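Contents: one structure, followed by commentary.
The values are calculated or read from the model by the stated rules, or taken from the named source; none is laboratory data. Everything numeric here is computed off the predicted structure, so don't read it as measured data. Note that we place each Cβ from the backbone using ideal geometry, even for glycine, and neighbour counts take in every protein chain shown.
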Amino acid sequence: MAVTPVDLKGAKILVTGPTGQVAAPVLEALSGVAELTALARFTDKSARLALDKRGIHTVRADLADMDSLASCPSDFDYVLNFAVVKTGHFDYDLAANGEGVGNLMAHCRNVRAFLHFSSTAVYEYAGQSPRSENDALGDNHRAMFPTYSIAKIAAETVCRFAAHQFKIPTTIARLSVPYGNNGGWPYFHLLMMKENIAIDLHPDAPNNYNLLHSDDYVAKIPYLLAAATPEVTTTNFGGSQAVSIEEWCDYLSELTGFQPRFQSNPKAFGSLSIDTGTMHALIGETRVDWRQGIREMVRNMAPELLLKS
């Protein structure tokens with residue numbers, strides 16, 4: 001049965017990873033609704049200043065360093081953990097992603113709900129079969145991001161331990177391919193098409209994913225928080241429509257006239273579509289059609305590339 005979304009009006013919310021592409025639309029949508037605090041390492045001082053100017057509280061901390069969290073309040077209603085580190089160095093990436101979520105949950109153990117954003121990169125490659133939440137995990141993204149999948153699996157494990165240990169209502173949402181008016185993977189493909197750069201595809205075609213528009217993931221956050229339990233709710237989190245890289249590049253070609261140049265590469269990620277059964281039962285279907293979302297993305301990011309109608 002679908003959950004009833006929590007009301008975020010006036011809530012105190014901590015958002016980690018606020019300078020990333022995925023978190024940006026969330027901050028934009030909630031800044032006039034809730035009392036937001038953004039936590040990051042803030043190596044770019046201008047990024048912190050920009051958030052401060054918008055009335056968003058900021059905290060400079062490194063999740064890998066428990067002591068650095070001392071300057072962060074702990075009286076939040078909700079935590080949205082978008083933080084991810086992928087330096088390629090296993091010691092630090094496991095500390096920042098794995099231990100980091102544990103440090104964060106220990107610090108914020110009295111929250112109403114904790115929402116941890118994981119990734120479908122935790123799944124072992126299995127060809128065209130849509131991945132469900134109880135399918136095998138594996139080192140999916142090693143070819144491009146050597147620490148990413150393993151660090152994400154470690155983070156999920158520590159997240160579950162902390163939820164059980166501190167009785168924190170928790171949801172783990174495994175993101176498919178987020179995108180929106182501030183970019184995403186399809187936009188990188190458009191830039192590659194514009195420059196006639198070859199796009200790698202796994203030979204086991206089509207290369208299917210579940211594009212998730214920012215409008216949809218922002219709208220579903222109150223539902224994901226409502227689904228949280230101390231036993232931990234784990235769900236795939238992607239668009240209700242499966243679509244392949246081949247399809248969205250062909251559609252980008254219709255919009256812009258640039259032709260995709262594909263090349264077969266067995267080291268490419270390969271198809272990673274999701275079984276949406278658990279997600280639909282908990283939070284319902286997504287609403288943004290992938291063609292509409294991509295068209296709006298191009299219109300917002302590079303309107304000069306659109307063909308004149």
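For every residue, the table says whether it meets (1) in contact (Cβ under 8 Å) with a residue 40 or more places away in the chain; (2) within 26 Å of ILE283 (Cβ to Cβ); (3) of a type in the set (Asp, Glu).
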site	(1), (2), (3)
LYS53	no, no, no
ASP62	no, no, yes
ASP67	no, no, yes
VAL84	yes, yes, no
GLY88	yes, no, no
ASN103	yes, no, no
ARG109	yes, yes, no
ALA113	yes, yes, no
HIS116	yes, yes, no
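Selection of region 191-202 for residues being out of contact with any strand residue (DSSP E or B) (no Cβ under 8 Å at 6 or more places or on another chain), aliphatic (A, V, I, L, M) and assigned to a helix (DSSP H, G or I) yields only LEU191.
Per-residue answers, yes or no, for (1) touching a strand residue (DSSP E or B) at 6+ places or on another chain (Cβ under 9 Å); (2) over 27 Å from VAL158 (Cα atoms):
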| site | (1), (2) |
| --- | --- |
| ALA34 | yes, yes |
| ARG60 | yes, no |
| ASP75 | yes, no |
| VAL84 | yes, no |
| ASN103 | no, no |
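Residues of region 1-34 that are touching a Phe, Trp or Tyr at 6+ places or on another chain (Cβ under 9 Å) and over 23 Å from GLY180 (Cα atoms): ALA2, VAL3, THR4, VAL6, ALA11, LYS12.
Where residues in region 32-42 are over 21 Å from the mean Cα position of the chain (by Cα) and part of a loop (DSSP other than H, G, I, E, B), which of them is surrounded by the most Cβ atoms within 10 Å (Cβ to Cβ)? Within region 32-42, the match that is surrounded by the most Cβ atoms within 10 Å (Cβ to Cβ) is VAL33.
When you go through VAL232, VAL288, VAL218, VAL243 one by one, which is the residue that is at pLDDT 95 or above, at positive phi and in contact with a helix residue (DSSP H, G or I) (Cβ under 9 Å, 6 or more places away or on another chain)?
Matching residue, one of VAL232, VAL288, VAL218, VAL243: VAL232.
Per-residue answers, yes or no, for (1) under 18 Å from the mean Cα position of the chain (by Cα); (2) part of a loop (DSSP other than H, G, I, E, B):
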{"residue": "ASP204", "(1), (2)": "no, yes"}
{"residue": "LYS220", "(1), (2)": "yes, no"}
{"residue": "LEU225", "(1), (2)": "yes, no"}
{"residue": "GLN241", "(1), (2)": "yes, yes"}
{"residue": "LEU255", "(1), (2)": "no, no"}
{"residue": "PRO260", "(1), (2)": "no, yes"}
{"residue": "GLN292", "(1), (2)": "no, no"}
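As a summary of the residue check, PHE188 satisfies the conditions (1) surrounded by fewer than 21 Cβ atoms within 10 Å (Cβ to Cβ); (2) aromatic (Phe, Trp, Tyr); (3) in a helix (DSSP H, G or I); (4) touching a residue at least 24 places away in the same chain (Cβ under 8 Å) except for the one numbered (4).
Residues of region 105-118 that are surrounded by fewer than 20 Cβ atoms within 10 Å (Cβ to Cβ) and within 17 Å of THR157 (Cα to Cα): ALA106, ARG109.
For region 263-290, a tally of residues being part of a helix (DSSP H, G or I) and out of contact with any Lys or Arg (no Cβ under 7 Å at 6 or more places or on another chain) returns 7. Every condition in (1) buried (at least 17 other Cβ atoms within 10 Å of the Cβ); (2) closer than 30 Å to LEU137 by Cβ holds for GLY277 except the one numbered (1). The single residue among ILE294, ILE199, ILE221 that is surrounded by 15 or more Cβ atoms within 10 Å (Cβ to Cβ), among the β-branched types (Val, Ile, Thr) and touching a His at 6+ places or on another chain (Cβ under 8 Å) turns out to be ILE199. Got a sec? Which of ALA83, ALA29, ALA70, ALA47 is part of a loop (DSSP other than H, G, I, E, B) and among the small types (Gly, Ala, Ser)? Among ALA83, ALA29, ALA70, ALA47, only ALA83 is part of a loop (DSSP other than H, G, I, E, B) and among the small types (Gly, Ala, Ser).
Can you name the residue in region 112-145 that is hydrophobic (A, V, I, L, M, F, W, C) and not in a strand (DSSP E or B) and is also nearest to the chain's Cα centre (by Cα) among such residues?
Start the filter on region 112-145 by keeping residues that are hydrophobic (A, V, I, L, M, F, W, C), which leaves 113-115, 117, 121-122, 126, 136-137, 143-145.
Imposing the further condition that a residue be not in a strand (DSSP E or B) reduces the set to 121-122, 126, 136, 143-145.
Working: ALA121: 11, VAL122: 13, ALA126: 21, ALA136: 20, ALA143: 20, MET144: 17, PHE145: 16 Å.
The qualifying residue nearest to the chain's Cα centre (by Cα) is ALA121.
Of the residues contained in region 45-66, none is found to be under 22 Å from LEU8 (Cα atoms), of a type in the set (Asp, Glu) and under 17 Å from the mean Cα position of the chain (by Cα). Those residues that are surrounded by fewer than 20 Cβ atoms within 10 Å (Cβ to Cβ) and either closer than 18 Å to ALA29 by Cα or modelled with pLDDT of 95 or more (or both), I need them from region 73-90; list them, please. Of everything in region 73-90, those that are surrounded by fewer than 20 Cβ atoms within 10 Å (Cβ to Cβ) and either closer than 18 Å to ALA29 by Cα or modelled with pLDDT of 95 or more (or both) turn out to be PRO73, SER74, ASP75, ASP77. Among the conditions (1) in contact with a strand residue (DSSP E or B) (Cβ under 9 Å, 6 or more places away or on another chain); (2) more than 30 Å from ALA2 (Cα to Cα), ASN208 misses just one, which is (2).
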